[in-house]
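Take a look at the structure set out below.
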Amino acid sequence: MSNLKLGVEVVGAHDLLAKDGQGTVSASVELHFDHQKFRTTIKDKDLSPVWNESFYFNISDPSSLSNLSLEAHVYHHNRQNNSKLSLGKVRLTGTSFVPYSEAIILHYPLEKRGILSRVKGELGLKVFVTNDPSIRSSNPLPAMESSLFSDSRSTKAQAPKQQAPNVAQKVFPDGKSESRHSFHHLPNPNQSQKKQHVPPAATQPSMDYGIREMKSELRAPRVVNMFSGLSAQPVDYTLKETNPFLGGGQIVGGRVIRGDRSASTYDLVEQMKYLFVRVVKARDLPTMDVTGSLDPYVEVKVGNYKGITKHFEKKRNPEWNEVFAFARDRIQSSVLEVVVKDKDLVKDDFVGILRFDLHEVPTRVPPDSPLASEWYRLEDKKGEKSKAELMLAVWYGTQADEAFPDAWHSDAISPDSSSNISTLIRSKVYHSPRLWYVRVNVIEAQDLVASDKSRFPDSYVKVQIGNQVLKTKMVQSRTMSPVWNEDLMFVAAEPFDDHLILSVEDRTGPNKDESIGKVVIPLNSVEKRADDRIIRSRWFSLEKSVSASLDEHQSKKDKFSSRLHLRVVLDGGYHVLDESTHYSSDLRPTAKQLWRPSIGVLELGILNADGLHPMKTREEKGTSDTYCVVKYGQKWVRTRTIINSLSPKYNEQYTWEVYDPATVLTVGVFDNNQLAGSNGNKDTKIGKVRIRLSTLETGHVYTHSYPLLVLHPSGVKKMGELHLAIRFSYTSFSNMMFLYSRPLLPKMHYVRPLTVMQQDMLRFQAVNLVAARLGRAEPSLRKEVVEYMSDADSHLWSMRRSKANFFRLMSVFSSLLSAGKWFGEVCMWKNPITTVLVHVLFVMLVCIPELILPTVFLYMFVIGVWNYYFRPRYPPHMNIRISYADAVRPDELDEEFDTFPSRQSPEVVRYRYDRLRSVAGRIQTVVGDVATQGERVQALLSWRDPRATTIFLIFCLVAAIVLYATPFQVLALVGGFYFMRHPRFRHSAPSAPVNFFRRLPARTDSML
C-alpha cells in the first residue's frame, strides 16, 4: 500500500467579510479532498484569524492525483442557532501539488460559492505531497458539529525539517524537481516566512510521485505569473516556462545547452524527420486504352499512407514535379512503392511500379545541395523491366529541407484522406500588398450644366475607389461654379487595379440626386510623393458617363464644357495603419526610400498546441483541424493544417527582419472549416498570442506555453495552450538604442496629422484590402482570419473594455494615491520619527535648493536599480483580470458580441441605452465638476463677484510686498511647517482659502 499523502497547512486568513453584525467573524476552515473532510478550530471574533494547523490526507490512487482537487471552505459559525455561513472557498487542482521541499505559503483570494455570494479576503495555505511513512493521516471529521473544536483534531507537522530533503527524494526520484509557484496575491506582510531554495536547473516529472520513473526529456512546465496583486489570475490561465529539446540543443533558462546532436538550421523547433519523394516526370509510357491514349498519374505509397499526383490527359511524357513528405516516425513499412497508373472511368489501369528499400535511402542535411533526380525503369505486373521510365528522387530529411513547404504531408492528412485537399492545408508565406493613402483635394467646378436651367445646382462631389465612397459637403451657390476645397482620404493597394471615379451630383429633391458629369482617373497615373511638397493641381473635363471618360478619342471628339479642379496625390510619407495602433507590427512609411536599415532579426518556432477543445465532430468523435497564422510587418505566415488532432505538432520556424522594437508579433490558432467533413463555414478562432518585441532580451530564447484565451458570449474560455520558441537578436546595438529617441510614426503623421475619425475609417478600409488580397492566394487566408489577427473590432463600444480601462487608470494613479496617503500620515504625525525626518529633509532641500533635482533623480535611479532584481523575465501575455473578463456580466458580453447595427429586440436595446445614459450621466457630472473648478479660477479676476475679486486683489498686493521683502527660503520653510503642523493645531473645518475658493461663482447658474 502506498504511503503517499497530501499535507495541508492552514496558516491563516486575512481581511475576511464581517458576518456577525458587530464587524467581526468567527471563522473556521473545512478541507475536502478525495472523499475525506477535516476542519480547523473556530477563531472567535477575528477578521484575520491565524490557525497554523496541519492535516494529512490519504491518497487512494496516486496515479490519478492530477485529476483530484483540494477544496478549502471558510465558514462563519453562529453559536446562537448553531448554523454556518460561507465566507468563500479556494480550489486547487492536483497539477499544482509539489513536494515538501518546494512548498511555500501562498495566499489565495477567496472565490464565490454561488453567483449571489459576496466574499472578501485571502486564505493562506501550504500544500505539499509527502511519502514519509512516519506521518499518519489526520482524524476524520465527526458527523456531529460541535460548537467547540479541540486542537487535537489538527495534527501538527510531524516530519522533522532535516527529513524534508529525503522526503522529496522519495517522492521525486533522482532528485529531479521543479519549482511550481503560482502567486495570486502578494503574501501577507504580517506573516513572515522563509522561501525554500530551489536549484535553477531542477525539473519536475509527471504526477506519478515516485510510482514510476520519468524520462529525462519530459519536463513539466514551470508556472509563471507576470502580474501581482489585483492583476493575478488563476493558475490555469498563466504562462508556463518549458525546457524542450530543440534542434540547437536543450533550452534551459533561455540559454541553449548544446548536446551531442549537430546544430540544425531550424534550431528553435524539434527536428522532425521525413521521407521525401520527388516525382519529376516520365517518358515512353505505354498506351493502355483501345484508342491508344494514356491519362497517367503516380501513386506513392508507404504503409497506410498514399499520395497521388495530378493526372494528365492523353500524354505519354508527363511532367509532375511534385514532392511527397512522409513522417518517419509514422512509417510502418520498410518498402516504398511508386506506381504509375492510367486514369479510367471504371477502374484505373496499372502501368508500372518501382520499389525502394527504405534502409537504403540516403539522408540529406541542408545546406547540402538537393539530391539529383534519376531515371528508373518501371516494372510490369510480372516483375520484368519495361521501356517506360520514371524520374524521381528519394531521400531522408527534416523540415529544414527547402522542399518541405510545398510538399504533400502525411502527418497533416489521415491515411484515408484524399490528396486533393493538400493545397488547402499546406504551409504558406504571404506578403500583404503595399498600401498607399490617396489624397483627393476637390477644389472647385466650373460651368456646371444642370438639367433644370431655371435654378442653380445644389452640388456635391462623390468620390469612389473600389468599394470606398466619400462625398463632399453640398454647396448651395448662386453661380454655376461651386467651390468645395475639401480633402478626402482613401486607401489603395499595389498594383493599382482600381480607378478613381469622381461624380458631380445635383440634389434636385429630397433623396433624389442627378449626375452632372464624371471624371475617371487611373491610379497608376497619379503622382506620388514622400513629403509635404505641394502637388500641382489640374483641371479635368466632366464626361457624361464612365465609358466616355475612359475613351480618350471620344473625349477629344465630343468636348463637354464643364470642368472639375482637382489635386490628387499618392501620399507615401505615411504608414498606412492596417491594425490597431496598440498592436502595430510595422511602423515604416509606404515610400521605400524613407525606410531605415533593419536593426535585428526575429525568429519564431511554432512547436505544438496541447489540450485543444474539439471544434467539430467527425466519426462521432470530437476533433479539430488546426493551423497557426503569424503576422509581423508585411509578412504573414500560415502553418500546415494538422487534421484530426487535439495536440498537433507543427515544428515550423520562420524569420522576420525587425525595423523597430516597439512592435508586436501576433500568433493566432484557427480551426479549418473548409475541408471534407467540416461545416464549410468561417474558420473558427481558437485563440491568439501577442508578444511585444521591446519586452524581449536580445539573444535570449523564450520557450513558453501560452494559454489560448477566447471571449465567448458565455464568458472567457481557455481553448488550449500554444508552445512557442522566440529569439530576438540585434545587428546594431547603437541603431536600436537610437530608435528610442525617434518618433514612433513617420514624419508626415506629425506634419499633416490625420483625425481620429479618418484613422478609424482608413484602417477599416485597409483591413478590407489586405483581406481581399490574401483571400485570393492558395491556400487563402480568409477574411475572418485577417480581421481577427488585425483586431478590426477593437474600436467598438464594450462595457467590459470601459471598466477594464477605468481600472487600468486607477492602477496607474495608485502610486500617486499611495504617496498622497503617506504624506497625509506624515502631516497627521502618525509616525513622529518619520515626520521629524521629513521635516529635516525639507529644511535641507529648502536651504540648499540645488539639491532638489539631484535628489529626485538619484531616488529614481536607486528605485530603478532595486526593481532590476524583480524585473519580469518572461514575455507578457493576455490577462483575464486586467481585461476584466472574469467579472463581466452575461448581458455585457451579449452587448459586446452584438452586431452593428444591433439585432436585439427593442426592449433590450432600450435597456442598454438607458444603462449607457446612466454611465454617461456620471461622466457628465465629473466633467461638469472639473469645468466648475476652472471657471472659479477665472472668476478670481473677472469681477463676476466684486467682493471676492476685491479680496483677492488685496491679497495679491500684500503677497507681492511680502514676497519682495522676505527671502524665499523663509517663506518656503514657514509654508512647509504650516502644512505639516501637528494635529492639535488643526481644525476639522476647511481652511479659509478653501472656503473662499468654494464661494466663487461658476457658470452653472447659466446652464439650462
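Under the condition of being in contact with a helix residue (DSSP H, G or I) (Cβ under 7 Å, 6 or more places away or on another chain) and either among the small types (Gly, Ala, Ser) or open to solvent by less than 40 Å² (accessible area, probe 1.4 Å) (or both), the residues counted in region 716-753 number 3. Among the residues making up region 981-1008, a single one is over 23 Å from Gly928 (Cα atoms), open to solvent by less than 100 Å² (accessible area, probe 1.4 Å), without any contact (Cβ under 8 Å) to a residue 12 or more places away in the chain and not in a loop (DSSP other than H, G, I, E, B): Ala992. Annotation: of all residues in region 892-907 being open to solvent by less than 80 Å² (accessible area, probe 1.4 Å) and without any contact (Cβ under 8 Å) to a residue 12 or more places away in the chain, the one that is farthest from Ile726 (Cα to Cα) is Ser905. For region 503-523, the set of residues classified as outside any strand (DSSP E or B) and modelled with pLDDT of 90 or more consists of Leu523 only.
Modelled with pLDDT of 90 or more, of a type outside the set (A, V, I, L, M) and open to solvent by less than 20 Å² (accessible area, probe 1.4 Å): does that describe Trp395? Against the criterion (modelled with pLDDT of 90 or more, of a type outside the set (A, V, I, L, M) and open to solvent by less than 20 Å² (accessible area, probe 1.4 Å)), Trp395 qualifies.
Screening Asn78, Asn67, Asn58 for residues that are surrounded by fewer than 20 Cβ atoms within 10 Å (Cβ to Cβ) and either among the hydrophobic types (A, V, I, L, M, F, W, C) or over 20 Å from Gln36 (Cα atoms) (or both) leaves exactly one candidate, Asn78.
Restricting region 354-380 to residues that are of a type in the set (Asp, Glu) and open to solvent by less than 90 Å² (accessible area, probe 1.4 Å), the residue that is modelled with the lowest pLDDT is Asp368. For Val119, state whether it is surrounded by 15 or more Cβ atoms within 10 Å (Cβ to Cβ), modelled with pLDDT of 80 or more and under 23 Å from Pro62 (Cβ atoms). Considered against the rule, which asks whether it is surrounded by 15 or more Cβ atoms within 10 Å (Cβ to Cβ), modelled with pLDDT of 80 or more and under 23 Å from Pro62 (Cβ atoms), Val119 comes out as no.
Considering region 954-980, and only residues there that are in a loop (DSSP other than H, G, I, E, B) and out of contact with any helix residue (DSSP H, G or I) (no Cβ under 8 Å at 6 or more places or on another chain), the residue that is least open to solvent (accessible area, probe 1.4 Å) turns out to be Thr966. Of all residues in region 460-484, those satisfying the criterion of being at pLDDT 90 or above and in a strand (DSSP E or B) are Tyr460, Val461, Lys462, Val463, Gln464, Ile465, Gln468, Val469, Leu470, Lys471, Val483, Trp484.
Selection of strands (runs of 3 or more DSSP E) fully inside region 578-644 by the criterion of at least 3 residues being within 27 Å of Ala771 (Cβ to Cβ) and of a type outside the set (Asp, Glu) returns 600-610, 626-632, 635-638. Looking at region 249-269, is at least one residue charged (D, E, K, R), in a loop (DSSP other than H, G, I, E, B) and at pLDDT below 60? Yes - at least one qualifying residue is present in region 249-269. Apart from one condition, Glu313 fits all of (1) more than 20 Å from Phe276 (Cα to Cα); (2) touching a strand residue (DSSP E or B) at 6+ places or on another chain (Cβ under 8 Å); the exception is (2).
Quick grid of which residues meet (1) within 26 Å of Asp660 (Cα to Cα); (2) in contact with a strand residue (DSSP E or B) (Cβ under 7 Å, 6 or more places away or on another chain); (3) without any contact (Cβ under 8 Å) to a residue 40 or more places away in the chain:
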site: Tyr750; (1), (2), (3): yes, no, yes
site: Pro753; (1), (2), (3): yes, no, yes
site: Asp760; (1), (2), (3): yes, no, yes
site: Leu774; (1), (2), (3): yes, yes, no
site: Lys803; (1), (2), (3): no, no, no
site: Phe813; (1), (2), (3): no, no, yes
site: Ser818; (1), (2), (3): no, no, yes
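For region 605-652, a tally of residues being of a type in the set (Lys, Arg) and either closer than 24 Å to Ala407 by Cα or in contact with a His (Cβ under 9 Å, 6 or more places away or on another chain) (or both) returns 5. Counting just the residues of region 317-343 that are in a loop (DSSP other than H, G, I, E, B), open to solvent by 60 Å² or more (accessible area, probe 1.4 Å) and modelled with pLDDT of 85 or more, which one comes out nearest to Phe276 (Cα to Cα)? Ranking the candidates gives Asn317 first. Just checking, which of Ala771, Ala766 is under 15 Å from Phe490 (Cβ atoms), modelled with pLDDT of 90 or more and surrounded by 18 or more Cβ atoms within 10 Å (Cβ to Cβ)? Matching residue, one of Ala771, Ala766: Ala766.
Condition test on Gly124, is it assigned to a strand (DSSP E or B), open to solvent by less than 40 Å² (accessible area, probe 1.4 Å) and of a type outside the set (A, V, I, L, M)? Taking the combined requirement at face value, the residue satisfies it. Given the criteria at pLDDT 85 or above, under 24 Å from the mean Cα position of the chain (by Cα) and either within 30 Å of Ser427 (Cβ to Cβ) or in a helix (DSSP H, G or I) (or both), does Arg776 qualify? No, not satisfied. Just one of (1) at pLDDT below 85; (2) in contact with a helix residue (DSSP H, G or I) (Cβ under 8 Å, 6 or more places away or on another chain); (3) not in a helix (DSSP H, G or I) fails for Glu892. It is (3). In this structure, Lys45 does not qualify as assigned to a strand (DSSP E or B) and basic (Lys, Arg).
Here Arg873 passes the criteria (1) open to solvent by 80 Å² or more (accessible area, probe 1.4 Å); (2) more than 37 Å from the chain's Cα centre (by Cα) except the one numbered (2). Screening region 1-23 for residues that are open to solvent by 30 Å² or more (accessible area, probe 1.4 Å) and either closer than 30 Å to Ser101 by Cβ or hydroxyl-bearing (Ser, Thr, Tyr) (or both) and picking the one that is farthest from the chain's Cα centre (by Cα) gives Met1. Only a single item in (1) farther than 30 Å from Leu774 by Cβ; (2) of a type in the set (Phe, Trp, Tyr); (3) open to solvent by less than 40 Å² (accessible area, probe 1.4 Å) is not met by Phe456, and it is number (3). Residues that are farther than 22 Å from Met980 by Cα and among the aliphatic types (A, V, I, L, M) within region 854-866 comprise Leu858, Met860, Val862, Ile863, Val865, listed in sequence order.
Taking region 423-442 as the range and being open to solvent by 20 Å² or more (accessible area, probe 1.4 Å) and at pLDDT below 90 as the test, the residues that pass are Thr423, Leu424, Arg426, Lys428. Return a yes/no flag: does region 914-930 have any residue that is of a type in the set (D, E, K, R), open to solvent by 50 Å² or more (accessible area, probe 1.4 Å) and either touching a residue at least 12 places away in the same chain (Cβ under 8 Å) or within 30 Å of Thr835 (Cβ to Cβ) (or both). No, region 914-930 has no match at all. Does region 293-307 hold any residues that are farther than 17 Å from Leu345 by Cβ and open to solvent by 10 Å² or more (accessible area, probe 1.4 Å), and which are they? Of everything in region 293-307, those that are farther than 17 Å from Leu345 by Cβ and open to solvent by 10 Å² or more (accessible area, probe 1.4 Å) turn out to be Glu299, Lys301, Gly303, Asn304, Tyr305, Lys306.
The values are calculated or read from the model by the stated rules, or taken from the named source; none is laboratory data. These numbers come from a predicted model, not from an experiment. Positions of Cβ are generated from backbone atoms using ideal geometry, with glycine treated the same way; all protein chains shown enter the neighbour counts. Heads up: the accessible areas ignore ligands, DNA and RNA and are worked out on the full protein's heavy atoms, side chains in. Shrake-Rupley method; radii C 1.70, N 1.55, O 1.52, S 1.80 Å.
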